[in-house]
Amino acid sequence: MKRRTFLAVAAAAPVASALPLDLSRIPARKPGKVEIVFKAPGSDPKPNGLQATTAGLWIIDQGVGNKAHLVTYKGDVLRSFETETDKSSGITFDGETLWIGSTYNREIVRADAHSGKALERHFTPGAGVIYQLVGDPPARSSPLARANPPRPAAAASKQVGGFDAGRIQGAMAPGTGAHGQEWRDGKLWFAVPPSRTVYCVDPKSWVVQTKFPTAGNRPHGIGWEGKYLWVADSNLNAFFKHDPETGEMVEKIQLADTDPLPHGMTIWEGYMWYCDDVGVVCRFRLS
């Protein structure tokens, strides 16, 4: 093909749409009523990740000390300790150790489940600077916090799509990393907001096994229901059920504007548990 002809054909070719998916086509499930079960541990709790286990519910807190708490399903603290992570936003348990999304230094940390000591540190695939896309939903804040006065402008960090851009030793942080974490069949799954993607990695080789795009620009907690993986999105105020083999979204759950805002999430005995980072842990029946 001559160069002039090639350029004409290229110019006539349709441009791929940059618009988000039509989420209205996804079948919706009506969940049970959202109930606040307990206040998260700590004097100023900022829970940002959950993982249900037979021993209890793990909570990672994004506040001072980035503490991990193991609590009963009524909120009684079984153990609590600081972790060597930075503004963490996701936690899971592999049967022996914890995996934590150390969001603001863009690492995923394997930690001792009794002391919080870091055992391994890995880079986060897809980490980077959060960007805005035409059609993105506006940043959403918790309805539980809207009555509080805003922080002074001098103390507030820049917000992008609902995320605090963050600072490291006074300088703007170069992006963020992973949020929700899940362990299944020897593989680690996690959601990464900057790339709007869920990844599955082999923890031994740290090679990505599969990945798929998320519904929106603020994916957060993730949790398994059978073979399907639910992904919370804080700005969409909703949960999306994916076929992990194809990434296809097969179902969604839409919260009411008055419900606590979803951050960390996990599934246990027919209930979806989630936390709002203003300090509460909630749940609702899935069916």
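The values are calculated or read from the model by the stated rules, or taken from the named source; none is laboratory data. Worth saying up front: this structure is predicted, and the values here are computed from it rather than measured. Ideal geometry is used to build each Cβ from the backbone, glycine not excepted, and the neighbour counts take in all protein chains shown. Keep in mind that these areas ignore ligands, DNA and RNA; they rest on the heavy atoms of the full protein, side chains included. Shrake-Rupley method; radii C 1.70, N 1.55, O 1.52, S 1.80 Å.
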Within the stretch 271-282, can one find any residue that is open to solvent by 30 Å² or more (accessible area, probe 1.4 Å) and under 14 Å from residue 223 (Cα atoms)? yes
Are any of the residues in the stretch 65-80 surrounded by fewer than 21 Cβ atoms within 10 Å (Cβ to Cβ) and in contact with an Asp or Glu (Cβ under 7 Å, 6 or more places away or on another chain)? yes
Pairs needed: first member in the stretch 53-82, farther than 18 Å from residue 276 by Cα; second member anywhere, acidic (Asp, Glu) and exposed (fewer than 13 other Cβ atoms within 10 Å of the Cβ); C-beta distance under 9 Å; at least 6 residues apart or different chains. 56/76
For residue 43, the lone unmet condition from (1) within 22 Å of residue 239 (Cβ to Cβ); (2) surrounded by fewer than 24 Cβ atoms within 10 Å (Cβ to Cβ); (3) of a type in the set (Ser, Thr, Tyr) is (1)
Under the condition of being assigned to a loop (DSSP other than H, G, I, E, B) and under 17 Å from the mean Cα position of the chain (by Cα), which residue from the stretch 47-64 is surrounded by the most Cβ atoms within 10 Å (Cβ to Cβ)? 62
Out of all the residues in the stretch 98-121, is one or more surrounded by fewer than 18 Cβ atoms within 10 Å (Cβ to Cβ), assigned to a loop (DSSP other than H, G, I, E, B) and acidic (Asp, Glu)? no
Answer yes if at least one residue in the stretch 169-176 is under 26 Å from residue 278 (Cβ atoms), part of a loop (DSSP other than H, G, I, E, B) and modelled with pLDDT under 95, and no otherwise. yes
Kindly provide the set of residues from the stretch 261-270 that are open to solvent by less than 10 Å² (accessible area, probe 1.4 Å) and either over 16 Å from the mean Cα position of the chain (by Cα) or of a type outside the set (Ser, Thr, Tyr) (or both), ordered by number. 261, 262, 263, 264, 265
